[in-house]
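Peer 1: Sharing a structure with you now.
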Amino acid sequence: VAGGNVGEQVDHKIIGIDPGAGLMKAAENAMKEYGLDDWELVEGSSAAMTAALTQAYKEKKPIIVTGWTPHWMFSKFEMKYLDDPKGVFGKDEQIHTIVRKGLKEDQPSAYAFLDKFEWKASDMEKVMLDIADGKKPEEAAADWVKNNEDTVNKWVEGIQPAPGKKLTLAYVAWDSEIASTNVVKTVLEQKLQYQVELSQVEAGPMWIGVSNGDVDGMVAAWLPTTHADYYKKLGSTVEDLGPNLDGTKLGLAVPTYMNINSIEDLKK
Ligand code: PBE
């Protein structure tokens, strides 16, 4: 590891993701709260962030990224969250399923399944890890569905298939949501005979799409904190089907070979 303080080592950069992510707003708040005035939060994408992390990790170089759980980075790499004594990144929250108003009447089968869909962080991580290891998202999702027949059958128990009916789901290219959305698509297609189209968009358009009915739903709403702004604006125009996953976390993450433990250490 290079000399100098941690700021100098990483050129005062925190590697962020797409600007629409709630995580980016949280990271900006953290920089304000901890007085990191001369630091820069680098915008990019989920994929660019993990590429930078993978490269730095290989060379044992210092790097600070915006991180979240569930995420494969914590199983592929030895990583730690920096302590957040001011609690800027919030507490554990849930990922919710959100659908457009009227879906219940138009597409009762899809609605019933989406309402039932719920899994564990470890399930999502398995799919994410397979994708990180090179499987195509559809392939990783299909494998997970095959290996979890009991769980999947419980989700669709008693629901009438809807052969050929079309459904559109929005998602953002966050690794976690690539995994969940592909699993939901696979179940809708394999078990309920839907024809599902996935629409990859930014976070704002994802929420707006469900709100104005351009898309039928999404399984990517992090609440109550991360997507609080979107929910405040659009929550009353959509239907919230509640949590599909519990136990998430957001923060600044670093490889454990870095000699810092807290966001406060970035000031030094
Ligand atoms: N994330 C992953 C998203 C939600 C899912 C934490 C990067 C966000 O920050 O909005």
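Peer 1: Of the residues in region 178-212, how many are part of a loop (DSSP other than H, G, I, E, B), surrounded by 16 or more Cβ atoms within 10 Å (Cβ to Cβ) and not hydroxyl-bearing (Ser, Thr, Tyr)?
Peer 2: 1
Peer 1: Also, quick follow-up: Exactly one of (1) open to solvent by 10 Å² or more (accessible area, probe 1.4 Å); (2) within 10 Å of the ligand (Cβ to nearest atom); (3) touching a Pro at 6+ places or on another chain (Cβ under 8 Å) is unmet by TYR231. Its number?
Peer 2: (2)
For every residue, the table says whether it meets (1) farther than 25 Å from GLU59 by Cα; (2) hydroxyl-bearing (Ser, Thr, Tyr); (3) within 10 Å of the ligand (Cβ to nearest atom); (4) open to solvent by 70 Å² or more (accessible area, probe 1.4 Å).
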| residue | (1), (2), (3), (4) |
| --- | --- |
| GLU8 | no, no, no, yes |
| ILE15 | no, no, no, no |
| ALA27 | yes, no, yes, no |
| MET31 | yes, no, no, no |
| VAL42 | no, no, no, no |
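Peer 1: Tell me yes or no: at least one residue of region 242-256 is part of a helix (DSSP H, G or I) and either surrounded by fewer than 18 Cβ atoms within 10 Å (Cβ to Cβ) or away from the ligand (no atom under 14 Å from the Cβ) (or both).
Peer 2: no
The values are calculated or read from the model by the stated rules, or taken from the named source; none is laboratory data. Values in this document were obtained by computation on a predicted structure and should not be read as measured data. Neighbour counts run over all protein chains shown; Cβ positions are idealised from the backbone, glycine included. Just the protein is used for accessible areas: all its heavy atoms, side chains included, with ligands, DNA and RNA removed. Shrake-Rupley method; radii C 1.70, N 1.55, O 1.52, S 1.80 Å.
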